[in-house]
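Peer 1: First, the structure itself, so that you have it in front of you.
The values are calculated or read from the model by the stated rules, or taken from the named source; none is laboratory data. Just so we're clear, the structure is a prediction, and the values are computed from it rather than from any experiment. Cβ sites come from the backbone with ideal geometry, for glycine too, and all protein chains shown count toward neighbours. Accessible surface is based on the protein model in full, side chains and every heavy atom, while ligands, DNA and RNA are left aside. Shrake-Rupley method; radii C 1.70, N 1.55, O 1.52, S 1.80 Å.
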Number of protein chains: 2
Amino acid sequence: MDHEVEEMLAPLRVAVKEQGDIVKKLKEDKAPDIDIQKAVSELKHRKKTLEDKELELGAKDNIDRGKMEDLLKQKFFYDQSFSIYGGVNGLYDFGPMGCAVKANILQTWRNFFVLEEQMLEVDCSMLTPEPVLVASGHVERFQDYMVKDLKNGDCYRADHLIEATFEKMLTDKKVDADTKTEIRNLMPLIDGMSKEDMGKTIVKYNMKSPLTNNDLSEPMEFNLMFSTAIGPTGHIKGFLRPETAQGIFVNFKRLLNFNQGKLPFAAAQIGNAFRNEISPRSGLLRVREFTMAEIEHFCDPNQKDHPKFSNVADLDVVLYSACNQMDGKSPQVWKLGEAVKQKLIANETLGYFMGRIQMFMLKCGIDRKKLRFRQHMSNEMAHYACDCWDAECKTTYGWVECVGCADRSCYDLNQHSKATGTKLVAEKKLQEPKEVDVVECTSNKGSLGKVFKKDAKAIGEYLAALSVEDCDRIEKELSTNGESQITVGTQTFTLKSDMVTIKRYTKKVHVEEIVPSVIEPSFGVGRVMYSVFEHNFKIREGDEQRSFLSLPAIIAPYKCSVLPLSNKDSFVPFVQELSKALTFNDISHRVDDSSGSIGKRYARTDAIAIPYGVTIDFDSLNAPHTATLRERDSMKQIRAPLEEIPLIVKALSIGQRTWEDVLNNYPLFEQQEATKEK
Amino acid sequence: MDHEVEEMLAPLRVAVKEQGDIVKKLKEDKAPDIDIQKAVSELKHRKKTLEDKELELGAKDNIDRGKMEDLLKQKFFYDQSFSIYGGVNGLYDFGPMGCAVKANILQTWRNFFVLEEQMLEVDCSMLTPEPVLVASGHVERFQDYMVKDLKNGDCYRADHLIEATFEKMLTDKKVDADTKTEIRNLMPLIDGMSKEDMGKTIVKYNMKSPLTNNDLSEPMEFNLMFSTAIGPTGHIKGFLRPETAQGIFVNFKRLLNFNQGKLPFAAAQIGNAFRNEISPRSGLLRVREFTMAEIEHFCDPNQKDHPKFSNVADLDVVLYSACNQMDGKSPQVWKLGEAVKQKLIANETLGYFMGRIQMFMLKCGIDRKKLRFRQHMSNEMAHYACDCWDAECKTTYGWVECVGCADRSCYDLNQHSKATGTKLVAEKKLQEPKEVDVVECTSNKGSLGKVFKKDAKAIGEYLAALSVEDCDRIEKELSTNGESQITVGTQTFTLKSDMVTIKRYTKKVHVEEIVPSVIEPSFGVGRVMYSVFEHNFKIREGDEQRSFLSLPAIIAPYKCSVLPLSNKDSFVPFVQELSKALTFNDISHRVDDSSGSIGKRYARTDAIAIPYGVTIDFDSLNAPHTATLRERDSMKQIRAPLEEIPLIVKALSIGQRTWEDVLNNYPLFEQQEATKEK
């Protein structure tokens, strides 16, 4: 079977490799950018064809997405926001079950990363003034091209529209063969098209608005950030943050100070971010408002080893390296330690976080077989990043980027530093103190004041902050001409020799200033959540109607259900007592005392992923009081003393005890299951 | 002393009562609105004078706010956002300590309300399309008046500006006595001024822009919501939600369905909301972006009793009733049960939540003596609310509303229902089934289809949903004229007798539809947090420099510090071992192995509110290994076996054990404290 699949993929792999080699060659030869770009576009196209084929051949493993969405909607895990008002695309509300799953994922994340690694968690404003996002590059680069239907104003992403139109033309019998060849040659280039190229293409092929056939506007830039005005004057232009990371960068000095000036340290933030997608789709995967959990690990650029790397070095990870992608090869299993040693992964810290990301994902219920790390190829990596790996999960939408893990070098701190004039640096102790030459310009306040009056102070400050070069120039001019001109703000002043003294001396320094590098693991919480849903959607064997979610207890919205066998009054005090004991132990649970057979109610609790169910039955009424405890996935039940049950469930749900262990220590209970689950 | 204070307040109390009586009389006499309004304004003014005097006389209890703010800033609990870019008013970032305190408050809230009461927690979109906020009333009413400096564009709240100008004029010697009397008469009326009144006042008294003395614009309405456009077309106008509540209301049907159709139930939401304040001030108390935690308890409007009310009936609460406010009296201590019995609090459910709110606030560290519930007077209550009590905390800014607790009746559900045409109702089982008359119009699909073609379906649906009155009319017209006209959408159609049949019959119904009432406890998380900080800010006796925060362990950012007595290498493995054991027990902690005397480091951990500190000292090195455990507020220390310490701290921090109990069970350790804390 696998052999058969490989045979079908082989020619596609060859096609990728051929093109990959062409790209490599062009780069080696330092060919013109435009040629490289065209070759890369074709490479991307061939890679996509390969991946599509792989997914198609693997589709038999796919879950029935429609059924899963029915379940999630029906049980209000999440649903479109403002539906009674017609709904808004790309906005979702999480109901009680989704909200609990999300809160559990976030709590797990906080314990796993923030607490375990002693990170500094912050909570920053979502409203962000424009200059911050100019510096970060978002105002300039965070955009797509769109075209408008000239009559009804509907908007489309220009690249999507061109691609869709081409695809349609290729299947159109009225389009002649020459044009089809032309189109086939153009398709791989769409990704790299400039605004002008797109405009020309739309005109040349007479493309129209897909639903109305109306004429289309020229392509125009559309920034993906939501803008608003802060304050009543309308002068402070602001955006809703497109990521949480910038809030950490602008607080770098405070955080470094909190950490007593020491590197390395990591800051973390959980919070919402916003992107005004042109046409949101794919459910939770591409939305306009979403929760991120981001870590910024600040370290010495020359010291990217990690003290705890040995804890993850033996982990097996699936790596889809840039090389493998260029060569049309499959992802490969590596030991993390080996991958770092071979320099496939740039450094230990990046590798350490990749290991931790994988451990976290598995803890949340991601299927190990549907998780891989894909390396960005040099052409898709942000220009400031040195290395970047995406943790991708396989879903019915294909491989989805859920977590990015990038070495952003010192780009962000440098940008904010340039924009504000504030030094964003750490002090690094030198191995040996060193002597440095210092040139200083000190001003004679008396004579400055006499001549420049109210401007004297600003001039004094300007002189104190002079660079070595400026000191040299002024010293030279004063000795030659007896005067020297300086420009402070917009004004020019003439200095005389009696006003300043240039001092030169050497100083022993013990520290140097460095701009830290940043390693950034960035989690898209909604995408992780959606993948967890897909990877845990199950249908009971032999009963197509009984779908359920096998979420791990740590993530499940409730840990336990409490079910009286019937609505007999004598069950009530036992149910209440148990519920109280569970609450006391902080175990979230749901009492289902509605009518309906016990089997139906088990099915209902399975559907909302409750891992354990306690049933109060007739035997519970007699001393010694006992109840049955059922596990969701195996549907096996045991019978245990009522007073022990809260502690058993607690131990199970925090992972201190396995179900196997419980099975071995309590008598199996079979009767109820056999007679009542139907 | 108290007697002296009361003597000074007595005349002010009399003045309030006099005016309160006037207001009551005017209302009884159904006097013109304008007269009542003026009298109410004067009442408010007198109340404010009384309260200001009370606060002034009580100011000796106040903390030094400047010192506290220094501490919070220095230790990065929170600070202004984007400071390196000059900062934005009304936006704050929470640093590691503030973020942890906030997360702990929210986790406590979730356990205390959501888990304990089995509420349905949701997480809804912040971006909200305009029609939702038109229906809720926010687009129309959520506004202030502002004036603009005509030259530099600075904006001011019109009421604040008028008040400030008047206050200045009253102390100005150049203003004559007659004008001063006039101003004194106008001041109580500012609150009730219309836009036109304000405009006239500004012109009459020649008011100018306070900083520049420039001319001012006319007052203009300014909506406090941040607006933005959703999607690329710009057609969907949206706002950032001004409260989280609306997200719950628009999901009412899904939530009712999730609760299997049963009332009562409560939904809850924690999330951010946004208000574009004209001139934010008072630190965390009035900000542009803030976290709320809201509960909407839906119940039968005729059944507002609460099954768990007896749990809170014996609680003592300080109530400042509307009556007491009108009469110039002080707040009074009540048993909650008595207050509900006397109808001072409208119903049990409202009373139950007030009790729970108080318990929660005390748990978070609010000072019982600085907490009261103030009832809204009828003139300040939103027009749809039946009763509303604010939990207020006393701070250096005066009494601050931290939690609102309102009976909103069925206002919100009705509004959204009207706006969308979606029924937002619950079914209530009737005690006895009852017979109701039903009139139905059924259409003959064949003949409708033949005549109306594609419109037939819409006409059929229209007829099926006809009201009794319309059925009557059509029946009458058909029998008289043989035809009847109906309007569907924008089109008019003529019905003939063969197209419809009007059926009349009686039906036995077992349920009736009701629009639930909503009781809403609404928490301003930042305000609670700020009050907790003020109520727990302390200065060590005899050392003005040593300020600290005595936060309860449940709220404290770290539960424990780990301090090696010096940087001796042999301490290191003990510190690491202990840190690991604490992490394993989910105890957030901070290792402080920096240089500095143990006393200095204790002071540093006190400042960030760490309740317990473990010191590894020379005795720790010898078997049996022990360490000292210090409590922050008393500074007392005990000595305990090292392996017991994580469990002792765990029990202390979740409130399972008291410090007194620990003191009684382990030997007191005195030496270190005496010699090293200085």
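Peer 1: Yes or no: region B:167-181 includes at least one residue that is touching a helix residue (DSSP H, G or I) at 6+ places or on another chain (Cβ under 7 Å), more than 14 Å from chain A (Cβ to nearest Cβ) and charged (D, E, K, R).
Peer 2: yes
Peer 1: Residue check, A:ASN324 against (1) without any contact (Cβ under 8 Å) to a residue 60 or more places away in the chain; (2) of a type in the set (S, T, N, Q); (3) outside any helix (DSSP H, G or I), all met but one. Which one?
Peer 2: Going through the list (1) without any contact (Cβ under 8 Å) to a residue 60 or more places away in the chain; (2) of a type in the set (S, T, N, Q); (3) outside any helix (DSSP H, G or I), A:ASN324 breaks only (3).
Peer 1: Among the numbered conditions (1) polar (S, T, N, Q); (2) open to solvent by less than 10 Å² (accessible area, probe 1.4 Å); (3) in a loop (DSSP other than H, G, I, E, B), tell me where A:GLN269 comes up short.
Peer 2: (3)
Peer 1: Here's another thing I want to ask about it. Based on this model, can you work out whether B:ARG281 counts as part of a helix (DSSP H, G or I) and of a type outside the set (A, V, I, L, M)?
Peer 2: Considered against the rule, which asks whether it is part of a helix (DSSP H, G or I) and of a type outside the set (A, V, I, L, M), B:ARG281 comes out as no.
Peer 1: So, in region B:521-563, of the ones that are free of Cβ contacts under 8 Å to residues at least 60 places away in the same chain and of a type in the set (Gly, Ala, Ser), which residue ends up nearest to B:THR349 (Cα to Cα)?
Peer 2: Filtering first and then ranking leaves B:SER561.
Peer 1: Restricting attention to region B:335-347, which residues are open to solvent by 60 Å² or more (accessible area, probe 1.4 Å) and under 23 Å from the mean Cα position of the chain (by Cα)?
Peer 2: Hits for region B:335-347: nothing passes.
Peer 1: Can you tell which of A:GLU461, A:GLU475, A:GLU427, A:GLU435 is among the charged types (D, E, K, R) and modelled with pLDDT under 85?
Peer 2: A:GLU461
Peer 1: Still on this model: B:ALA31 fails exactly one of the following numbered conditions: (1) within 30 Å of the chain's Cα centre (by Cα); (2) outside any helix (DSSP H, G or I). What is the number of that condition?
Peer 2: With (1) within 30 Å of the chain's Cα centre (by Cα); (2) outside any helix (DSSP H, G or I) applied to B:ALA31, the lone miss is (1).
Peer 1: Please go through region B:83-106 and pick out each residue that is within 15 Å of A:GLN107 (Cα to Cα) and within 8 Å of chain A (Cβ to nearest Cβ).
Peer 2: Scanning region B:83-106 gives B:CYS99, B:ALA100, B:LYS102, B:ALA103.
Okay, residues lined up against (1) of a type in the set (Phe, Trp, Tyr); (2) within 14 Å of chain A (Cβ to nearest Cβ); (3) open to solvent by 20 Å² or more (accessible area, probe 1.4 Å); (4) in contact (Cβ under 8 Å) with a residue 12 or more places away in the chain:
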position: B:GLY192; (1), (2), (3), (4): no, no, yes, yes
position: B:ASN206; (1), (2), (3), (4): no, no, yes, no
position: B:PRO210; (1), (2), (3), (4): no, no, yes, yes
position: B:GLU218; (1), (2), (3), (4): no, no, yes, yes
position: B:MET225; (1), (2), (3), (4): no, yes, no, yes
position: B:PRO264; (1), (2), (3), (4): no, no, yes, yes
position: B:GLU289; (1), (2), (3), (4): no, yes, yes, yes
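Peer 1: Exactly one condition in (1) without any contact (Cβ under 8 Å) to a residue 60 or more places away in the chain; (2) closer than 30 Å to A:PHE533 by Cα is false for A:ILE34; which is it?
Peer 2: Answer for A:ILE34: the failing condition is (2).
Peer 1: B:VAL518 versus (1) touching a residue at least 24 places away in the same chain (Cβ under 8 Å); (2) more than 35 Å from the chain's Cα centre (by Cα): which is the lone unmet condition?
Peer 2: Among (1) touching a residue at least 24 places away in the same chain (Cβ under 8 Å); (2) more than 35 Å from the chain's Cα centre (by Cα), the lone unmet condition for B:VAL518 is (2).
Peer 1: Determine, yes or no, whether A:ASP407 is in contact (Cβ under 8 Å) with a residue 60 or more places away in the chain, in contact with a helix residue (DSSP H, G or I) (Cβ under 7 Å, 6 or more places away or on another chain) and buried (at least 21 other Cβ atoms within 10 Å of the Cβ).
Peer 2: Judged against the criteria, A:ASP407 is a match.
Peer 1: While we're looking at this one, here's another question. Does any residue of region B:62-78 turn out to be within 11 Å of another protein chain (Cβ to nearest Cβ), assigned to a helix (DSSP H, G or I) and of a type in the set (Phe, Trp, Tyr)?
Peer 2: Checking region B:62-78: not a single residue is within 11 Å of another protein chain (Cβ to nearest Cβ), assigned to a helix (DSSP H, G or I) and of a type in the set (Phe, Trp, Tyr).
Peer 1: Moving on to the next point. Give just the number: which of (1) closer than 30 Å to B:HIS3 by Cα; (2) of a type in the set (Val, Ile, Thr); (3) in contact with a Gly (Cβ under 6 Å, 6 or more places away or on another chain) does B:VAL287 not satisfy?
Peer 2: Among (1) closer than 30 Å to B:HIS3 by Cα; (2) of a type in the set (Val, Ile, Thr); (3) in contact with a Gly (Cβ under 6 Å, 6 or more places away or on another chain), the lone unmet condition for B:VAL287 is (1).
Peer 1: Ok, one more. Suppose the filter is within 20 Å of the chain's Cα centre (by Cα), more than 7 Å from chain A (Cβ to nearest Cβ) and acidic (Asp, Glu); does B:ASP159 pass it?
Peer 2: Criteria not met by B:ASP159.
Peer 1: Residues A:THR615, A:THR628, A:THR605: which one is among the β-branched types (Val, Ile, Thr) and farther than 12 Å from A:CYS560 by Cβ?
Peer 2: Being among the β-branched types (Val, Ile, Thr) and farther than 12 Å from A:CYS560 by Cβ holds for just one of A:THR615, A:THR628, A:THR605, which is A:THR628.
Peer 1: Test of understanding: among A:SER497, A:SER566, which residue is of a type in the set (S, T, N, Q), free of Cβ contacts under 8 Å to residues at least 24 places away in the same chain, under 20 Å from A:LEU629 (Cβ atoms) and away from every other protein chain (no Cβ under 14 Å)?
Peer 2: A:SER566
Peer 1: OK, next. Which condition does B:PRO280 not pass, out of (1) in contact with a helix residue (DSSP H, G or I) (Cβ under 9 Å, 6 or more places away or on another chain); (2) within 12 Å of chain A (Cβ to nearest Cβ); (3) at pLDDT below 95, if it passes all the others?
Peer 2: So the condition that B:PRO280 fails would be (1).
Peer 1: Say whether the condition of being more than 26 Å from A:ARG546 (Cβ to Cβ), surrounded by fewer than 21 Cβ atoms within 10 Å (Cβ to Cβ) and among the hydrophobic types (A, V, I, L, M, F, W, C) is met by at least one residue in region A:590-606.
Peer 2: So the first thing to find is which residues in region A:590-606 are more than 26 Å from A:ARG546 (Cβ to Cβ), and the list is none.
Taking every residue of region A:590-606 in turn, none turns out to be more than 26 Å from A:ARG546 (Cβ to Cβ), surrounded by fewer than 21 Cβ atoms within 10 Å (Cβ to Cβ) and among the hydrophobic types (A, V, I, L, M, F, W, C).
Peer 1: Could you check region B:108-136 and list, in sequence order, the residues that are open to solvent by 20 Å² or more (accessible area, probe 1.4 Å), part of a helix (DSSP H, G or I) and facing chain A (nearest Cβ under 8 Å)?
Peer 2: Residues satisfying the conditions are B:ARG110, B:ASN111, B:LEU115, B:PRO131.
Peer 1: State the number of residues belonging to region A:588-619 that are in contact with a strand residue (DSSP E or B) (Cβ under 6 Å, 6 or more places away or on another chain) and part of a loop (DSSP other than H, G, I, E, B).
Peer 2: The qualifying residues number 4.
Peer 1: Please determine whether any residue of region A:242-253 is farther than 21 Å from B:ILE608 by Cα, part of a helix (DSSP H, G or I) and facing another protein chain (nearest Cβ under 9 Å).
Peer 2: yes
Peer 1: Scan region B:122-173 for residues that are basic (Lys, Arg) and in contact (Cβ under 8 Å) with a residue 12 or more places away in the chain and jot them down.
Peer 2: Within region B:122-173, B:LYS148, B:LYS151, B:ARG157 qualify.
Peer 1: Mind listing just one residue for me: the one in region B:298-321 that is open to solvent by 20 Å² or more (accessible area, probe 1.4 Å) and assigned to a strand (DSSP E or B) and, of those, nearest to A:ILE230 (Cα to Cα)?
Peer 2: Among them, the one singled out is B:VAL318.
Peer 1: Please go through region B:232-241 and pick out each residue that is crowded, with 20+ Cβ neighbours inside 10 Å and more than 10 Å from chain A (Cβ to nearest Cβ). Reasoning before the result, please.
Peer 2: So in region B:232-241, the residues crowded, with 20+ Cβ neighbours inside 10 Å come out as B:232, B:238-241.
Scanning region B:232-241 gives a single hit, B:ARG241.
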